[in-house]
Amino acid sequence: MGEDGPDSQSASSAEAVEALFEVARGVRSALIVTHDDPDPDAIASAMALAYLLEQRLGLKATLAHGGIIGRAENKAMVRLLSIEIRPLYELDPRKYDVIALVDAQAGAGNVGLSEDITPTVLIDHHSEVQSEVEGVPFADIRTGYGATSTILSSYLKAVGLPPDPRTATALFYGIKSDTMGLARRAGDADVEAYLYLLPLADTKILAQIEQAQVPLAYFRAFERALERTFIYDDVVICSLGSMDWPDLAAEMADFLLRWEGARWIICTGLFDDEIVISVRTNDLEGNAGRVVQEVVSGMGTGGGHDLMAGGRIPLDDQSPRDVVRELRRRFLARLEREESEREKLIQEPLRANLIQ
Ligand SMILES: [Mn+2]
């Protein structure tokens, strides 16, 4: 289904659900797995798939993720919407009849499932990774969509099953955050799903999620990010050092992309013996996903979309500093910027302007 244009994709949702039910009908248990350190789109998609399978097939689904839920908004989402999602290491995936992967493909290197497990169901909007779809009984990859939540919303709509307020709120937030309020990569299908979900979502809870309180470590990360951000013309490189949670790299990358001089943001940080990479660009021709895949080749894994991407490099015996330095060298070479152009983003020491 990945080759079709967005229009034929949306028309095919009813058929897609039929094919999905073919795979899931008559089984007892399903495990729905997101990518590691799941974002709202991943969590919402898992939740909506569970809702669909439970409501229509009476199937009990368990939600699981690798990594951790670190971002304050994502923690608030799970708490305020009472979403039961468990760490993958607590479960044995082999005990489930159906294994579904949402908002992710194992080949991107950000899925905690062991390599010998082929998912039964794959629903995603990231660029297709290698021959990931081969051997998967049900795969629906719609790269033209801004969010996997949009695909799930179209499934619910196609079978005439409106989401309950929790699921609607999650899906709405999934689309809103993955598309930056329909401003990033959003197509007609995303707009349609967004408007379909809006009256069904609990906007009070949504506001509480988006304004979630953050720990002090969040502000510390900002200070460190600004202190350790260098620019090479319009390429901005930030090395955060040790991070309190892995998606801090993405949070800081989003934040730095707001700088008016930025074209590319590359943010790295250390978490759990891995260098986590988050990349953003506002260059519509940038193809961030491919850039990251090329840069990390031979070092680790990565992938993503046109404007945003990410990757992971296991340290093994290397020092974090060496890995970060090599990544910087490769990114600059790939983006054709010179190391010698290096300047600090904020030249003056932060305290220099304070009145004593
Ligand atoms: Mn997504």
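Quick notes
- Test: residue in the range 120-127 that is away from the ligand (no atom under 14 Å from the Cβ), more than 18 Å from residue 173 (Cα to Cα), in a strand (DSSP E or B) and not assigned by TED's automatic domain parsing to the domain that holds residue 222: yes
- Of the numbered criteria (1) in a loop (DSSP other than H, G, I, E, B); (2) of a type outside the set (Ser, Thr, Tyr); (3) touching a residue at least 24 places away in the same chain (Cβ under 8 Å); (4) more than 15 Å from the ligand (Cβ to nearest atom), the one residue 63 fails is (1).
- Failed item, numbered, when residue 16 is tested on (1) more than 16 Å from the ligand (Cβ to nearest atom); (2) surrounded by 18 or more Cβ atoms within 10 Å (Cβ to Cβ); (3) hydrophobic (A, V, I, L, M, F, W, C); (4) within 22 Å of the chain's Cα centre (by Cα): (4)
- Filter result for residue 279 (within 22 Å of residue 71 (Cβ to Cβ), touching a helix residue (DSSP H, G or I) at 6+ places or on another chain (Cβ under 6 Å) and assigned by TED's automatic domain parsing to the domain that holds residue 221): yes
- With respect to the conditions (1) under 15 Å from residue 151 (Cα atoms); (2) under 23 Å from the mean Cα position of the chain (by Cα), residue 38 falls short on a single one, namely (1).
- Residue 254 satisfies every condition listed in (1) of a type outside the set (A, V, I, L, M); (2) surrounded by fewer than 19 Cβ atoms within 10 Å (Cβ to Cβ); (3) more than 16 Å from the ligand (Cβ to nearest atom); (4) in the same structural domain as residue 310 (by TED's automatic domain parsing) except (3).
- Unmet requirement for residue 114, which otherwise passes all of (1) within 16 Å of the ligand (Cβ to nearest atom); (2) free of Cβ contacts under 8 Å to residues at least 60 places away in the same chain: (1)
- Of residues in the range 91-119 being of a type in the set (A, V, I, L, M, F, W, C) and either in a loop (DSSP other than H, G, I, E, B) or modelled with pLDDT under 95 (or both), the one surrounded by the most Cβ atoms within 10 Å (Cβ to Cβ): 104
- So residue 50, is it within 16 Å of residue 120 (Cα to Cα) and buried (at least 20 other Cβ atoms within 10 Å of the Cβ): yes
- Test for residue 184: is it of a type in the set (Lys, Arg) and either more than 19 Å from the chain's Cα centre (by Cα) or outside the structural domain of residue 41 (by TED's automatic domain parsing) (or both): no
- Residue selected from the range 282-291 under the condition in contact with a Ser or Thr (Cβ under 9 Å, 6 or more places away or on another chain) and more than 20 Å from residue 147 (Cβ to Cβ), by the criterion surrounded by the most Cβ atoms within 10 Å (Cβ to Cβ): 291
- Of all residues in the range 69-90, those being buried (at least 23 other Cβ atoms within 10 Å of the Cβ) and either in contact with a strand residue (DSSP E or B) (Cβ under 6 Å, 6 or more places away or on another chain) or aromatic (Phe, Trp, Tyr) (or both) number 0.
- Failed item in (1) touching a residue at least 40 places away in the same chain (Cβ under 8 Å); (2) on the phi > 0 side of the Ramachandran plot, with residue 160 passing the rest: (1)
- Count of residues meeting criterion [more than 16 Å from the ligand (Cβ to nearest atom) and at pLDDT 95 or above] in the range 66-81: 7
- Single residue of 278, 340, 297 found to be under 23 Å from the mean Cα position of the chain (by Cα) and exposed (fewer than 13 other Cβ atoms within 10 Å of the Cβ): 297
- Scanning the range 25-35 for residues that are of a type outside the set (Ser, Thr, Tyr) and surrounded by fewer than 23 Cβ atoms within 10 Å (Cβ to Cβ) gives 25, 26, 27, 28.
- Residue count, the range 137-151 (criterion: touching a Leu at 6+ places or on another chain (Cβ under 6 Å) and buried (at least 24 other Cβ atoms within 10 Å of the Cβ)): 1
- Selected residue (criterion: farthest from the ligand (Cβ to nearest atom)) from residues of the range 28-53 that are of a type in the set (Ser, Thr, Tyr) and closer than 25 Å to residue 212 by Cα: 34
- If you go through the range 143-180 and keep only what is part of a loop (DSSP other than H, G, I, E, B), away from the ligand (no atom under 11 Å from the Cβ) and at pLDDT 95 or above, you end up with 159, 160, 161, 162, 163, 164.
The values are calculated or read from the model by the stated rules, or taken from the named source; none is laboratory data. None of the values given here were measured: they were computed from a predicted structure. When we count neighbours, we look across all protein chains shown, and the Cβ atoms used for this are built from the backbone with ideal geometry, even at glycine.
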